[in-house]
């Protein structure tokens with residue numbers, strides 16, 4: 001496993017070593033010991049989630065607050081997505097900045113998103129199976145989010161806005177300024 005830091009402190013790209021032969025391929029999607037050796041972080045993942053989305057589906061930008069904040073390790077099992085993490089840590093030098101990466105079933109990259117980040121993705125392929133690990137359980141009362149098209153974030157979702165499929169819940173999320181002022 002290769003661990004590559006992003007320009008946002010604490011956010012990493014995980015690149016697995018993939019073994020291929022005439023039968024297909026194999027890779028280890030996570031190894032706690034190697035992750036600790038390469039990052040210094042001991043993470044206890046307690047919940048795995050998976051979604052299936054059609055092209056243009058945008059899920060996010062979500063996070064949980066307080067004692068229910070979550071670290072996530074995200075990956076794509078099938079298809080391709082643009083994955084986005086937004087730094088919401090008030091003391092961070094990169095507060096309000098985002099990191100985005102293409103995750104797909106060819107590169108098998110993963111994104112490690114620490115607590116204090118909003119997270120979301122948009123499906124770029126016809127269908128995508130998206131899987132992620134969390135270090136804390138889902139807690140509906142602690143769930144918040146940021147509007148995906150907040151102009152202060154300057155996120156290029158690589159999809160025509162008219163083709164974006166959004167849940168009603170995600171469509172009414174607040175803008176970053178509203179979170180900060182509220």
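Computed values, structure above
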{"quantity": "Residue in the range 132-148 that is exposed (fewer than 14 other Cβ atoms within 10 Å of the Cβ), at pLDDT 95 or above and more than 30 Å from residue 44 (Cβ to Cβ) present", "calculated": "no"}
{"quantity": "Matching residues in the range 157-182 - criterion: being part of a loop (DSSP other than H, G, I, E, B) and over 19 Å from residue 62 (Cβ atoms)", "calculated": "158, 160"}
{"quantity": "From the options 9, 4, 20, residue that is on the phi < 0 side of the Ramachandran plot, over 16 Å from the mean Cα position of the chain (by Cα) and loosely packed, with under 14 Cβ neighbours inside 10 Å", "calculated": "20"}
{"quantity": "Of all residues in the range 155-179 being more than 25 Å from residue 127 (Cα to Cα) and touching a residue at least 12 places away in the same chain (Cβ under 8 Å), the one that is surrounded by the fewest Cβ atoms within 10 Å (Cβ to Cβ)", "calculated": "177"}
{"quantity": "Yes/no for residue 152 being surrounded by fewer than 18 Cβ atoms within 10 Å (Cβ to Cβ) and not in a loop (DSSP other than H, G, I, E, B)", "calculated": "no"}
{"quantity": "Which listed residue, of 111, 103, 58, 82, is touching a strand residue (DSSP E or B) at 6+ places or on another chain (Cβ under 6 Å), modelled with pLDDT of 95 or more and either outside any strand (DSSP E or B) or over 25 Å from residue 9 (Cβ atoms) (or both)", "calculated": "58"}
{"quantity": "Count of the range 64-79 residues which are surrounded by 20 or more Cβ atoms within 10 Å (Cβ to Cβ) and either over 23 Å from residue 32 (Cα atoms) or under 10 Å from the mean Cα position of the chain (by Cα) (or both)", "calculated": "6"}
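The values are calculated or read from the model by the stated rules, or taken from the named source; none is laboratory data. The shown structure was predicted, so the numbers you read here are calculated from the model rather than taken from an experiment. Neighbour counts are summed over all protein chains in view; Cβ atoms, including those assigned to glycine, are modelled from backbone coordinates with ideal geometry.
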